[in-house]
1. Could you check the spin-label model distance between residue 130 and residue 97? Points 7 Å from the Cα along Cα→Cβ, value in nm.
2. Restricted to Cα positions, what overall size does the chain have along the principal axes? Three whole-Å values, descending.
3. Taking the Cα of residue 89, stepping 7 Å toward and past its beta carbon, and measuring to each backbone N in the range 1-26: which are under 11 Å?
4. What does DSSP give for the chain in terms of the percent of beta bridges that are antiparallel, rounded to the nearest 5?
5. Can you give me the relative contact order of the chain as a percent, contacts being Cα pairs under 8 Å and 6 or more apart?
6. Hey, what number do you get for the chain at 222 nm if only DSSP H runs of n ≥ 4 count, each worth -39500 (n - 2.57), divided across all residues, to the nearest 500?
7. Run the simple label-point estimate for residue 120 and residue 139 please: 7 Å along Cα→C-beta, distance reported in nm.
8. Where nothing but the Cβ of Lys and Arg (+1) and of Asp and Glu (-1) is charged, how large is the charge dipole of the chain around its Cα centre, in debye to the nearest 20?
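What follows is calculated from the coordinates using simple rules that are stated; it is not laboratory data. None of the values given here were measured: they were computed from a predicted structure. For neighbour counting, all protein chains shown are included, and Cβ atoms are generated from backbone atoms with ideal geometry for every residue, glycine included.
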Amino acid sequence: MPVPRELFISHSSSDKKFVSRLTKVLRRHRIRFWYSRSHLIGAQQWHDEIGKALSRCDWFLLILSPAAVRSTWVKRELLYALQDRHYDDRIIPILVRACTYGKMSWTLDSIERIDFANDFERGCRELFRIWNREYKPEAPKTRRKRYGKPVS
């Protein structure tokens, strides 16, 4: 599968900590994405901006959690993606916390999910495998002593 030109990330605001961690990984791997927290500006008509992003993006990432299942907007975004042919085979559900995601759409059972709930790094590897890209974990930071000399 091709790497996304731009990835739409649908999530509940309650999951912003996870989404922030994931977008750092995407940014580091130069995968473009759109999500409301980083792309909506105060006075914008946010529902119009979401609609523009949904029509422009070519992949749809659905962050699944109990809060997402309760979210009207996450469900609306998912329904749009399910109905728009340009998202065929390009919807990726990401399980962050156990939830009854079937309430969002009966079709989610037929789409393979990636489980991030227990192992973020393994989830990243599985996600990148979809696009035939190698996931490179962030290198551990080297502690430095004064004057730039590494600490052993």
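1. Taking the simple label geometry, residue 130 and residue 97 are separated by 2.2 nm.
2. Cα spread of the chain along its principal axes, largest to smallest: 57, 38, 30 Å.
3. Residues 1-2 fall inside that zone.
4. Antiparallel bridges: around 5 percent, rounded to the nearest 5.
5. 23 percent
6. Only helices count here, giving -10500 deg cm²/dmol.
7. 2.0 nm
8. With only Lys, Arg, Asp and Glu charged at Cβ, the dipole is about 1260 debye.
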